[in-house]
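*Asks:* After the C-alpha cells below, expect a handful of questions from me.
The values are calculated or read from the model by the stated rules, or taken from the named source; none is laboratory data. Since the structure is predicted, the reported quantities are computational estimates derived from the model, not experimental observations. With ideal geometry, Cβ positions are generated from the backbone for all residues, glycine too; neighbour counts draw on all protein chains shown.
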Amino acid sequence: MKSRFWLLLSCCYFTFLSGQTPSKPNAVEIFRDLKKLNFLGTVLYIAAHPDDENTRLISYFSNQTHAQTYYLALTRGDGGQNLLGSDLKEALGLIRTQELLKARSIDGGHQRFTRAIDFGYSKSPEETLNIWNKDSIINDMVWTIRHLKPDVIINRFDHRTPGTTHGHHTASAMLSVEAFDLAPDPEQFKSQLKSTSTWQPKRLFFNTSWWFYGSRKAFKDADKSNLIAFDIGQYYPDLGLSNSEIASLSRSQHKSQAFGNTPKRGEQLEYLEIIKGDLPQNQNIFEGIDTSWNRVKGGQSIQQLVDKIIADYNFSKPYHSIPDLLQVYKLIQNLDNLHWKRVKTQQVKAIIKACLGLYIESVSESPYANANQNLKINTEIINRSPIDVNLLGIEMNSKSLLTHKTSLKNNQAVYNTFNVDIHSKNTLPYWLNLPPKKGLYQVEERDLLGLPETPNPYQLGFSLKIENTRITFYSDLVYKYNDPVDGEVFEDFEILPKISIKPLKDVAVFKNGNPNNFRVQIKSYTKSFNGQLTLDLPESWKVEPQYFDVNLSEIAETKTFDFKIKPPENTEKIDVKIEVHSANKIFSKQINTLDYKHIPKQVFTQDAKSTLVNIKVDKGVKNVGYIKGAGDKIPDNLKSLGYNVEFIDLKNTYSPKILKQFDAIILGIRAFNTEEQLISKNEILFDYVKQGGTLITQYTTTYGLLTDEISPLKLNLYRNRVTDETAEVQFIDKTHKLLNYPNQITSEDFKGWVQERGLYFPDQWDKAFQPILKIQDYDDKPTKGSLLVAPYGDGYYIYTGLSLFRQIPAGVPGAFRLLSNMLSINSNE
C-alpha cells in the first residue's frame, strides 16, 4: 500500500524538485497545463507569514478552476522559531522561503513577498505598521497587484479586528483593503507606472471560518447572507488524490514549524465574505469576469484552437499537438495585451517543450565561481519526439556560443562544451544584499521586488526551429553531481567571494575583563589567495597580534588564526568587524550554507563580524546538563563562561543518581514539544530535582505539547507574552536569592534585549512557585509568569518564558548573569 502511494505521487501533477532540477512533465501534467492555458483569470491570496496561507484554497483555484493563483506572504518568517535546527533570523527566512516554494510546487500556486521583516509576535497592527513602515509595504502590495493583475483578492485575516490576533495578521488584511483601492489610482506610486500599469481587482474577500466566530455553534447561527460557500473536497481521478490531500501535502512542507498535516477527505466547505465588490450569486468568485480568451483582443481564435488541442489531446503521443501549439504560440506573439502575452507565452512554451519531451541541461563543472572567472560549461539537449526540431544556436548573456545548425533527431542527445567568462552578477538572495532598515529589507532593483528568489543571471538560450517556427528556450546554469545514495543531484550555481571569513563564535565572551582567544577561520574559494587578516577594534581593546598574513594555495583550503584579546574594564559589549586586505581590495564576508534535507541547499553571505561581550559575572556552580529542544545556541555560550556542559540524550539510561553529577539541568526551548522521551522520562528529571538538583525548563508552547506533566508541581501554560523588548521589568521580591546570587540583578540587566521579553508565560501555578518578575506591554495587563521558581524536595524547579534563546546568542550581558543565577539557585553562598 505504501509503494502505491509513492507511485501516485510520482505520477501526479505536482513534482518535488531538488535545487534546479530540470522539470520533466508527464502527460497528465501537460493536459492540465492545456486547461490552464485556456483560462485567463488570476487569484491573489494575502497573509502575513509562511504557513498562514490556506493551501486548500490555493490548490482548489489552481487545480480545479485552473486560475493563476498566487500567495503573497508579507514576510519570510524571519522572526519565528526553527524546530529543525538553530538557524534563526535571515537564515530562517531562507529556510521558510524554500518551504513555501516546495508547497507551491505541490499545490500549483506561485509565491510572492514584500520587503517586510518578521520581527516576532506583535499585539497590534499599529505597532506592526510602525516597525514595518506602512508606506513601504503598501507600496510593495500595490506593485504586486499592478504587476500580477488579480481579478480577485482573498485575505486570510479580518481587517476589522485589531488587537484580537497577531498584529502582523491584522495588518496584512488592513493593508490589502487599502491596496485594493490604491492600485487603480494613477496618482499613487507613480514611479511604478514606468514598468507596469494601474489595475482594479473586481472583488476582495475575507476567507472566514468558524474560528473567527469563536465556536462552531456561533458560526452555524451567524448570518451568512454576505458569504459564499463552496466545496473544496473534490477528488481528481487523473491525479489519484483529492484537493484536500494535495493541500495537506503542501501544508506539510512547513517542516521548520512542525506543520505536518493529515488530510480530511470528502466534502469540505470554504467560506468567503465579500469585503469589496459585488457578491457572486452562483458561488463562483469569477462571476461576471470573462476568463476566456475573449477578454483580450485577438483572443477568440486562440480559444478555439486550444479547445481543439484539448479535445484531440493524445495522452500517449502528446507531440501530436505540436502543430496547433505552434500556431497558438504565433497568435500569442501578436497580442496587444502585454500582461496576458507575457503570462501565456511562458505557459505555451512550457507546454511545447513538454510535448516534445525536450530536455535541456546547462551544467557548470564547478558549484561556484568568482567574479570575472573563466568557467567550463557542459550542455545537453534531446528531442524525444518524431517532430522536426533543429538547434540553430546557443547563447549566454547575449554572447553566441554555438552558431551551426544541428538536427535534433528523435531520442538522440546532443552534447556541447563551452568555456565562458563569468561576470560579477550576483546569484545570492537579493533581499540580503544591503543592510536592512528597521523592519524592512532594502531592495534596489524594482524588477526583483517580491520575487521569492534571485533569478539566475546565468542562463543559456537554446534557439530552436520547430517545424517552421523559431523559439528560444532558456536553461539556468546549475551544478550537478552524483550522490552515492540520492543519485543525480542538482544545486544552484553561485558567484562567491574568493574567501570566506568566519569567526568561530558569533558571540565571544570575556569574563570579568580577562583576556581570551578569538579564533577566525579563513576558507579559500579560489586557487590562490594572499592577504592580511585584521580585526577592526577600538584602541581600548588590546589585540595580539595586530594582523596575520593569510596564504592559501588551493580551493577549499582552510586555516584558523588565533588572536588574543583583552577587553577594557568598563566596556560590556561591542561588535568587531573582521577584514582581509588583498591587492587593494577588502574582503569582509562570511559564506554560509544551509543544508537541510527537505529543501535545496542554500548559500548566502553575511558580514564577517562577531559580538564581543565583557561580562562581569560570577558562577555559583560548574557542571550543567543540557537536553536539546527545538534548537538554540545557549550551550556554546555557557561553555564560554567556563561551565562544563554535557548534552543529555534521554534515549540512554539515566537515573537521578547518575544525573546528580550535574549541578543543574536545562531543557532547551520547546523540549516538551519535540523530545518524545520526556513523555516517560520526565519523572526521572523530577526525581533529580527532589534529590537536590536544579531543573530549568525554557519556554514551551501549548500547541503540540507531548505531555501535560512539564513540572512536578501544578503549572498551567498560557499564551501570555511581552513583545516589547524594552518593556519595564519590575522585581516582585528584590531580596530573592535568584536576583542576588552570585550576581546582583538590576534593571540594567534588562537593557539591550532583542525582539521580545518572552512568550508562553503560565497563568496559573502551584502556591509553591514564587514569581520573580512582573512585566507588561504598553496598555496591557501585567504578567507575573515569565520566571517562576519553586523548591521541590531538596532541589529547585524553574520555568521561564523569557526569550533567553534570543538574548544570549545576541550577547546581552544581563541575560548571561540572570541565567548564571538560575543555575546557582541551589548552591551554597
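*Asks:* I need every pair where a residue in the range 301-322 that is assigned to a loop (DSSP other than H, G, I, E, B) and exposed (fewer than 14 other Cβ atoms within 10 Å of the Cβ) has its Cβ under 8 Å from the Cβ of a residue that is modelled with pLDDT of 95 or more and aliphatic (A, V, I, L, M), sequence separation at least 6 or different chains.
*Replies:* Close Cβ pairs (under 8 Å, with a partner that is modelled with pLDDT of 95 or more and aliphatic (A, V, I, L, M)) amount to F315/A27; F315/V28; S316/A27.
*Asks:* Can we say E99 is assigned by TED's automatic domain parsing to the domain that holds Q188, part of a loop (DSSP other than H, G, I, E, B) and modelled with pLDDT of 95 or more?
*Replies:* no
*Asks:* Do we find that T75 is assigned to a loop (DSSP other than H, G, I, E, B) and either free of Cβ contacts under 8 Å to residues at least 24 places away in the same chain or not assigned by TED's automatic domain parsing to the domain that holds Q268 (or both) in this structure?
*Replies:* Here the answer is no, as T75 does not meet what is asked.
*Asks:* If D476 satisfies all but one of (1) within 30 Å of the chain's Cα centre (by Cα); (2) in contact (Cβ under 8 Å) with a residue 40 or more places away in the chain; (3) within 25 Å of V580 (Cβ to Cβ); (4) surrounded by fewer than 20 Cβ atoms within 10 Å (Cβ to Cβ), what's the number of the condition it fails?
*Replies:* (3)
*Asks:* Name the residues in the range 444-470 that are among the β-branched types (V, I, T), outside any loop (DSSP other than H, G, I, E, B) and surrounded by fewer than 19 Cβ atoms within 10 Å (Cβ to Cβ), would you?
*Replies:* Once the filter is applied, which keeps residues that are among the β-branched types (V, I, T), outside any loop (DSSP other than H, G, I, E, B) and surrounded by fewer than 19 Cβ atoms within 10 Å (Cβ to Cβ), the range 444-470 yields only T469.
*Asks:* Something else: Among the residues of the range 729-742, is there at least one that is more than 26 Å from G625 (Cα to Cα) and in contact with a helix residue (DSSP H, G or I) (Cβ under 7 Å, 6 or more places away or on another chain)?
*Replies:* Yes.
*Asks:* State whether one or more residues within the range 247-262 are hydroxyl-bearing (S, T, Y), under 33 Å from the mean Cα position of the chain (by Cα) and more than 30 Å from T674 (Cα to Cα).
*Replies:* Among the residues of the range 247-262, not one is hydroxyl-bearing (S, T, Y), under 33 Å from the mean Cα position of the chain (by Cα) and more than 30 Å from T674 (Cα to Cα), which makes the answer no.
*Asks:* Of all residues in the range 541-560, which are aromatic (F, W, Y) and either surrounded by fewer than 17 Cβ atoms within 10 Å (Cβ to Cβ) or part of a loop (DSSP other than H, G, I, E, B) (or both)?
*Replies:* The answer is W541, Y547.
*Asks:* While we're looking at this one, here's another question. So which of N374, N334 is at pLDDT below 95 and either more than 30 Å from W199 (Cα to Cα) or over 36 Å from the mean Cα position of the chain (by Cα) (or both)?
*Replies:* Residue meeting the stated conditions: N374.
*Asks:* Between residues in the range 265-290 that are aromatic (F, W, Y) and residues that are outside any loop (DSSP other than H, G, I, E, B), which pairs lie under 6 Å by C-beta distance while being six or more apart or on different chains?
*Replies:* Close Cβ pairs satisfying both conditions: Y271/L227; Y271/A229.
*Asks:* A follow-up question, please. Which residue, of S105, S59, is in a helix (DSSP H, G or I), within 23 Å of T208 (Cα to Cα), touching a helix residue (DSSP H, G or I) at 6+ places or on another chain (Cβ under 9 Å) and assigned by TED's automatic domain parsing to the domain that holds Y235?
*Replies:* After ruling out the rest, the residue left standing is S59.
*Asks:* Need the failing condition index for H339 against (1) closer than 24 Å to N468 by Cβ; (2) touching a residue at least 40 places away in the same chain (Cβ under 8 Å); (3) crowded, with 18+ Cβ neighbours inside 10 Å, just the number.
*Replies:* Every listed condition holds for H339 apart from (1).
*Asks:* Within the range 714-764, track down each residue that is over 21 Å from F805 (Cβ atoms) and under 34 Å from the mean Cα position of the chain (by Cα).
*Replies:* Selection gives N716, E728, D763.
*Asks:* Something else about it: Has the range 744-762 got at least one residue that is farther than 26 Å from N637 by Cα, outside the structural domain of T128 (by TED's automatic domain parsing), of a type outside the set (G, A, S) and in contact with a strand residue (DSSP E or B) (Cβ under 7 Å, 6 or more places away or on another chain)?
*Replies:* There is at least one residue in the range 744-762 that is farther than 26 Å from N637 by Cα, outside the structural domain of T128 (by TED's automatic domain parsing), of a type outside the set (G, A, S) and in contact with a strand residue (DSSP E or B) (Cβ under 7 Å, 6 or more places away or on another chain).
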